[in-house]
Amino acid sequence: MARNVGILGTGPGVAALHLPVLEGLSDLFAVVHIADAGSGRAQALAERSGATWSAGEAHLLGDPAVEVVAICSPPQEHARQILAALAAGKRAIFCEKPLATTKQQADEVISACRAAGAVLLVGTNHLFDAAWGPVKHHLVGLGDKVQAISVTLALPPNDRYHRLVSEGGPFQSARRGRPDLEDPAVAAGVLHQLLTGLAIHDLPAIRAVAPGIDEVVYARIAPPLGYLVGYRAGAILVQLALAMLPDGPDALWRMAIATSHDRIEVDFPPPFVHAGSATTRVRSADGRWTHGRREPEDGYVAEWRRLASLLDGNLRVEYDELLADARYAIELADAAAARLLEGARR
Amino acid sequence: MTMNGSRVGVATRLPSYRAAIAELSRSATLVEEARGAVAVVPGVGDWWQVLLSARDQGAAAVVLAEPEMLPRELFDGGSGPGTWPADIPVVVERPRLRPDLVWEAARARQGTRARIVTVECAATAAALDDVIRDGLGWVRSLVQGPLTLVAGSCAGQARMALLDARAADGTSIPATLVGTVLDGPGAGGFLQVLALGEVRTELVLDQAAGLVRLETWTAGETLGAPQHYESSARLTLRRTLEALSSGQPVPDLEDLLQDIRLARELLEPPKTEIDVETRQSFVAFRPKCR
């Protein structure tokens, strides 16, 4: 039986991603209510799927038809809205990444969900990608042989991919003024946002292999907008690179893991589109390259299927893991921002 | 210059260069003496002294074949590299940094500057320093400007660094490097270079796997570079003969020394972006890195 979903948020991620994905999973989910924050966009989106619409979150959270609350609002709203959903008696929550923007918020949210016995899933879609499971299994089997992890992103504007999975528009979120990245405080804030908003896709996977952050070696904003962050997690070096580009080739989204025995590369598909799972390549110690096959379903679909499994009771919510993932990302973002500011002061 | 007809004499015992001479049979001939000839210096041990010796013996040009990293002492002393008189050309064979491949990569970018360059290297512990050096050479070549080390760290034998590259127009382009040790019979030398931007260059060079892939990505197409079937030794010897013929200066040695210096700096006890004065704490950390 399909579960009724109420969606908080009406940005491109809802219009171009979650609504089509949920339509494709109509045996599992039905969108019954969409709420905007006053933009008026909810009506047009809700009419597409015959759902109710409202402004603000109170009506949606008070709607008895809503069983699953999908929180797809700006990141700074996530923790508060989870708590509000729990207070309204909701016990099933899909929260877009990040779960929270401070460690205190993350602690409160997980405590509250645990106490209420609420099902909670954070939409870190790469973690649910079919390609990642075998890679993680392989790396865990290698134990302490992992030496370095790098995640390299080169992204054209999202608009390119919104157009492939949606129609009409506007596709882009309202543009704010270009931040003054010469101002260290602004740059540190942007870096924090990029790490908790974009790097978060892969940080839970990195944490699974390289838990703990011992030292941020460097943290830079790279023009026009991107970052270079290097840190040490125990005996593992981690490097994160992002270039957000005004134009250029299709997205590169690659995680590479160097061990003393092999090298593993995971290429994730571009955001928003449904091009199947990531693909993997393993370069063995004997010089052979092995290519993994692409599974038909992507992480976006897989994360909703996972939520259905949690709701069915086939899987248990790993509150401690969710909390550790959230804290890891926030600790990294805090430390990287501090490193950037410290560098600027010198 | 030792000439046999129109052929230039080449003094070498290296099989790859004897083969290259045979493949350039109208231009080159094997000779015993370095005097007046192209002297091929194997890049092992203290090759700098052998290089100087070849020059002292009157070589017309020197090929430096697959040089290893030089000992740090050579750079610390005053009589080391940097004092090469540049009166005869020195052409350096670096199979991981072939000039024809570098040229292909630069040409395909059509002058579009990279926004970020990343390099990942893997090799046996013995070869890793050389591979890191050549990875730095790729960054320098793609950016077409010098590099400086901003910050670095190590864990076990793995290395990580942030670098600033200065393009010809003065623009600063950040670059990163990760180097790891890969065990096993097929370790070889692995290099992956990504120049990210409106045009993306991706080079994968895996010596043990016999893989060289250079691709250039734009918004509209992906361009794969053709395979280069000319041997590395023949290419180097041909460039040497061209340098002798044209009299044009060859920057190979200067480039190599620049890359070695930077690699040495990176392989030294690491420094953070901001804490040069805490170097002592990293000196204490160093044993874990080697």
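Can you give the % of DSSP beta bridges in the protein assembly as shown that are antiparallel, to the nearest 5?
60
Mind checking the mean number of beta-carbon atoms from other chains within 10 Å of the Cβ atoms in A:207-217? Please list the in-between numbers first.
Numbers: counts 0, 0, 0, 0, 0, 0, 0, 2, 3, 4, 12.
Going residue by residue through A:207-217 and averaging, the value is 2.
Of the listed peptides B:107-120, A:138-151, A:179-192, what is their order by residue-averaged count of other C-beta atoms within 10 Å, with the highest listed first?
B:107-120, A:138-151, A:179-192
Within the range B:36-67, which residues have the backbone N less than 19 Å from the label spot 7 Å out from B:Ala126 along Cα→beta-carbon, could you tell me?
Flagged as within label range: B:42-47, B:65-67.
Residue by residue through the range A:138-152, what is 3J(HN,Hα) from phi via Karplus (6.51 cos²θ - 1.76 cosθ + 1.60, θ = phi - 60°)? Round to whole Hz and write x for glycine and proline.
3J(HN,Hα) across the range A:138-152, in whole Hz: 4, 6, 4, x, 7, x, 8, 8, 6, 10, 8, 10, 10, 10, 10.
Per-residue counts of other Cβ atoms within 10 Å, averaged by peptide: what ranking do you get for B:10-17, A:99-106, highest first?
The peptides rank, most packed first, as A:99-106, B:10-17.
Just need the relative contact order of the range A:3-122 here, percent rounded to a whole number, with Cα pairs under 8 Å and 6+ apart.
Taking the mean separation of contacting Cα pairs over the length of the range A:3-122, I get 23 percent.
How about the range A:145-169: which of its residues lose at least 20 Å² of accessible area in the presence of all protein chains relative to their chain isolated, using a 1.4 Å probe?
A:Gln147, A:Ala148, A:Ser150, A:Thr152, A:Ala154
In sequence order, what are the phi-derived ³J(HN,Hα) couplings for the range A:101-111 according to the Karplus relation 6.51 cos²θ - 1.76 cosθ + 1.60 with θ = phi - 60°, rounded to whole Hz, with x for glycine and proline?
With the stated coefficients, the range A:101-111 comes to 10, 9, 5, 4, 4, 4, 4, 4, 5, 5, 4 Hz.
Could you give the spread of the C-alpha atoms of the range A:181-318 along their three principal axes, from largest to smallest, in whole angstroms?
48, 43, 35
If you roll a 1.4 angstrom probe over the protein chains with everything in place, what fraction of the accessible area of the protein assembly as shown belongs to carbon and sulfur, to the nearest %?
Summing carbon and sulfur atoms, their accessible area is 51 percent of the total for the protein assembly as shown.
If you project the alpha carbons of chain A onto the principal axes, what extent comes out on each, in Å, largest first?
Sorted largest first, the three principal extents are 56, 45, 42 Å.
With both bridge residues required to lie in chain A, what share of the DSSP beta bridges run antiparallel, to the nearest 5%?
Here the antiparallel bridges make up roughly 55 percent for chain A.
Highest first, please rank the peptides A:334-345, A:257-268 by the mean number of other Cβ atoms sitting within 10 Å of their residues. Could the numbers behind the result be given before it?
Details: A:334-345: 18.8, A:257-268: 22.8.
Result, highest mean Cβ count within 10 Å first: A:257-268, A:334-345.
What is the projected area of the convex hull of the Cα atoms of the range B:9-49, averaged over all directions, in nm²? Don't skip to the end; give the middle numbers.
Values: hull surface 12.3 nm².
If I average the Cα hull's projected area over directions, I get 3.1 nm².
Take every Cα-Cα distance within the range B:104-160, group them into 5 Å bins from 0 onward, and report for each bin the whole-number percent of pairs it holds.
The distribution over the range B:104-160 is 4, 15, 25, 24, 16, 10, 5, 1, given as percents.
Evaluate the Kirkwood expression for the hydrodynamic radius of the range A:3-122, namely the inverse of the mean inverse distance over all pairs of different C-alpha atoms, and round to one decimal in Å.
Numbers: mean 1/r = 0.0713 Å⁻¹.
Roughly 14.0 Å, rounded to one decimal.
Only bridges whose two residues both fall in the range B:1-151 count here: according to DSSP, what percent of them are antiparallel, nearest 5?
Restricted to the range B:1-151, the bridges split so that about 10 percent are antiparallel.
Semi-axes of the protein assembly as shown's equivalent ellipsoid from the Cα gyration tensor, sqrt of 5 times each eigenvalue, largest first, rounded to whole Å?
54, 24, 21
Sum -39500 (n - 2.57) across every DSSP H segment of at least 4 residues in the protein assembly as shown, then divide by the residue count to get the 222 nm mean residue ellipticity, nearest 500.
-10500 deg cm²/dmol
Would you mind giving the mean number of other chain beta-carbons within 10 Å of the Cβ of each residue in A:244-253, as a whole number?
5
What Kirkwood hydrodynamic radius do you get for the range B:106-248 when you take the inverse of the mean 1/r over all pairs of distinct Cα atoms, in Å?
After inverting the pairwise mean of 1/r, the radius is 16.4 Å.
Taking only pairs that are 8 or more places apart or on different chains, how many Lys pairs in the protein assembly as shown have Cα atoms under 23 angstrom apart?
Eligible lysine pairs with Cα atoms under 23 Å apart amount to 4.
Count, for each residue of B:144-156, the Cβ atoms from other chains sitting within 10 Å of its Cβ, then give me the mean as a whole number. Numbers along the way, then the final one.
Values: counts 0, 0, 0, 0, 0, 0, 5, 9, 4, 9, 4, 11, 9.
Taking the mean over all residues of the peptide, I get 4.
Counting only Cα, what are the radius of gyration and maximum Cα-Cα distance Dmax of chain B, in Å?
Computed over the Cα atoms of chain B, radius of gyration and Dmax are 19.6, 63 Å.
Binning every alpha carbon pair distance of the range A:237-346 at 10 Å from zero, what are the percents per bin?
Taking all Cα pairs of the range A:237-346, the binned fractions are 11, 24, 37, 23, 5, 0 percent.
Given the Cα atoms of the range A:68-203, and with Rh set as the inverse mean 1/r over their pairs in the Kirkwood sense, what is Rg to Rh to two decimals?
On the way: Rg = 17.9 Å, Rh = 17.7 Å.
Radius of gyration relative to Kirkwood radius: 1.01.
Kindly express, to the nearest 10 degrees and within the range 0 to 90, the angle between helix B:252-267's C-alpha long axis and the longest C-alpha principal axis of chain B.
Helix B:252-267 sits at roughly 30 degrees to that axis.
Got a sec to turn the phi values of the range A:213-225 into Karplus ³J(HN,Hα) couplings, 6.51 cos²θ - 1.76 cosθ + 1.60 with θ = phi - 60°, whole Hz, x for Gly and Pro?
Taking θ as phi minus 60°, the curve returns 10, 8, 7, 8, 7, 8, 8, 9, 8, 10, x, x, 7 Hz for the range A:213-225.
The values are calculated or read from the model by the stated rules, or taken from the named source; none is laboratory data. Note that the structure is a prediction, hence the values are computed from the model and not measured. Cβ: placed from backbone, ideal geometry, glycine included. Neighbour counts: every protein chain shown. Protein only, heavy atoms only, side chains kept; ligands, DNA and RNA dropped before computing areas. Shrake-Rupley method; radii C 1.70, N 1.55, O 1.52, S 1.80 Å.
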